[in-house]
Every structure is written in C-alpha cells, then in structure tokens.
1. Could you check the stretch 86-130 and list, in sequence order, the residues that are hydroxyl-bearing (Ser, Thr, Tyr) and assigned by TED's automatic domain parsing to the domain that holds residue 159?
2. Could you list all residues from the stretch 92-110 that are surrounded by 18 or more Cβ atoms within 10 Å (Cβ to Cβ) and not in a loop (DSSP other than H, G, I, E, B)?
3. Given the structure, is residue 187 closer than 19 Å to residue 229 by Cα, within 14 Å of the ligand (Cβ to nearest atom) and hydrophobic (A, V, I, L, M, F, W, C)?
4. From the list 189, 153, exactly one residue is in contact with a Leu (Cβ under 8 Å, 6 or more places away or on another chain) and more than 17 Å from residue 87 (Cβ to Cβ). Which is it?
5. When you go through (1) assigned to a helix (DSSP H, G or I); (2) more than 14 Å from the ligand (Cβ to nearest atom); (3) surrounded by 15 or more Cβ atoms within 10 Å (Cβ to Cβ) one by one for residue 199, which number turns out not to apply?
6. Kindly provide the set of residues from the stretch 117-128 that are closer than 22 Å to residue 164 by Cβ and near the ligand (Cβ under 10 Å from one of its atoms), ordered by number.
7. Can you pull out every residue in the stretch 173-184 that is in a loop (DSSP other than H, G, I, E, B) and either more than 8 Å from the ligand (Cβ to nearest atom) or surrounded by fewer than 17 Cβ atoms within 10 Å (Cβ to Cβ) (or both)?
8. In the stretch 144-172, which residues are touching a helix residue (DSSP H, G or I) at 6+ places or on another chain (Cβ under 7 Å), within 16 Å of the ligand (Cβ to nearest atom) and either free of Cβ contacts under 8 Å to residues at least 40 places away in the same chain or not in a loop (DSSP other than H, G, I, E, B) (or both)?
Amino acid sequence: MQKIFLLLCILAVYPNNLKSWFLTASALPHNFCPHSRLAYRQGQLAPDKNSGEPPCQIPNFSSCLGINGVSQKMPRQNPQIALEYLMEGNRRFTADLSTHPNRAVERRQETAGLQEPFAVILGCADSRVSPEIIFDQGIGDLFVVRVAGNVMGPITLDSIEYAALYLHSTLIMVLGHENCGAVSAVLQGNTKDIENVANLIQPAIEESKHQKGDRLENAIRDNVKNVVKDLSKTPVLSKLIAEKKIKIVGGYYNFHSGEVELL
Ligand SMILES: [Zn+2]
C-alpha cells in the first residue's frame, strides 16, 4: 500500500519526467527527438516520402530536446545541422506542439556567463514574428537582430558579424514575413517617416514591378533575397562562407499556417 502511495506521489510531482521517460522508451530511433516522436505517434508528422523513415531525424544529434523548458544542447557542429534544428522547431510550432525548451532556471544559470546561440535571425520588428516563438527556442539559442523590413545597415551588420565571429553561430537566417508593413508602405510610396528603411527596401520594389503574382508578396520575398545576397558579399561573412563555417539563408513566414518557407 505504501509503495502504491509513493508511486502516486511521484506521478503527481514529476509528470514531465515520466512523460519524457515514456517518449524516450519508444521503439523509434534513439536520435529521434521526443517532441517529433510525439507528433509522429499522433499522426501529425508523416514519414519521410522517400525513405519511409520517421521525419526530422538529426544526424549527430548530441542530446534529446528538453520538454517543458528543460535544457537542451545546441547543434552548432555545422550550418546544415543548425538549419535542420531550427526548421524542426518551426514544424513543432506549426503543429501546435511547441515544447518551449531552455526556459527553466537551470538554463538561465548555465547561460549567465556564456552565450552560444546556434543561429542568427535578422528579422522584421513586427510584433507577430518573434523568432523564439515561431522556431520554438529558448534562452541563449538565437541571436536575434530585428528591424522594420529586416534590412541590412551598418549597425545590423556589426551585430551579425559579432555573432558569427565571436559567438560562432553557424547559421544566419534573413526572415521576412507575409503582409510586411514596411515593404507595403514603400510599395505604396508612403516613405515620409521611414526614409532610411525605405531606401534599403526600394530595390525589391523595383524588381517586383514586372513580376507575375501578388506584387507585395513578390517584393517581400525579393527583399529577403537581396539582404541574403548583400550579407553574403560582405568581407567578413563571405570569408566565413568560403571556409564553410557559416551559411546564410532566407525565410518567409506565413501568418496563417505559422510555417517558415525557405527561399
Ligand atoms: Zn515586417
């Protein structure tokens, strides 16, 4: 009787640990992170179309992701692994299976004297596009630079180069989004109070003039691609790209689905 009481106490106090144990004990491969495992079991993630294997397996995955704020190791070995890891977080978010990792007190403490963000996000200041939320990351995971229209100027470039050179982040993502107010304003010629940002967005507006489809969406996508190109040409970042130490990619965030599409 005492043993049953003790078990009930453990169940009440440590539900997350038990959840983690049950997930880890599944028959799926060891390097399959638990929240993907959960989504796979619930039929919310389909097997890989080509291999038939469970999706989202990350090679050399150093440790399973935490559940409900427990710490996780960051995949900083190379840019491709960092990208897969980042996009896996977005898949959790779009499936409404966010695990909110790295938000507990131990994460605060272990990052108090050192930060090792695995990715840099140059995103729009828009209140609906918070990188830690849409990529399901936590404290110390992402080095985020945000400015209206996700444009690159000297100050944003300094911040990005700092993360790549001194924090050794291996992935840089320029993140645009659906219905971007900054790009929309420039498209409509309402640039009176945002001249500095507007000048940097203007090339994408010109490029979108003769394209088929929705002009605003085309301009937003072109703006992201232009910033990726501009970043890739800078002396510091181009050298790191040539040495295969970093990768720069573009992303487009969809408000309705929550999905980030790679451009
Ligand atoms: Zn925006």
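1. Matches in the stretch 86-130: 111, 127, 130.
2. The answer is 92, 93, 107.
3. no
4. 153
5. In the conditions (1) assigned to a helix (DSSP H, G or I); (2) more than 14 Å from the ligand (Cβ to nearest atom); (3) surrounded by 15 or more Cβ atoms within 10 Å (Cβ to Cβ), residue 199 misses (3) alone.
6. Of everything in the stretch 117-128, those that are closer than 22 Å to residue 164 by Cβ and near the ligand (Cβ under 10 Å from one of its atoms) turn out to be 123, 124, 125.
7. 178, 179 - these are the residues of the stretch 173-184 that are in a loop (DSSP other than H, G, I, E, B) and either more than 8 Å from the ligand (Cβ to nearest atom) or surrounded by fewer than 17 Cβ atoms within 10 Å (Cβ to Cβ) (or both).
8. 144, 145, 148, 149, 150
The values are calculated or read from the model by the stated rules, or taken from the named source; none is laboratory data. Note that this is a predicted model, so its numbers are computed, not measured. So basically every Cβ, Gly included, is an ideal-geometry build from the backbone, and we count neighbours across all protein chains shown.
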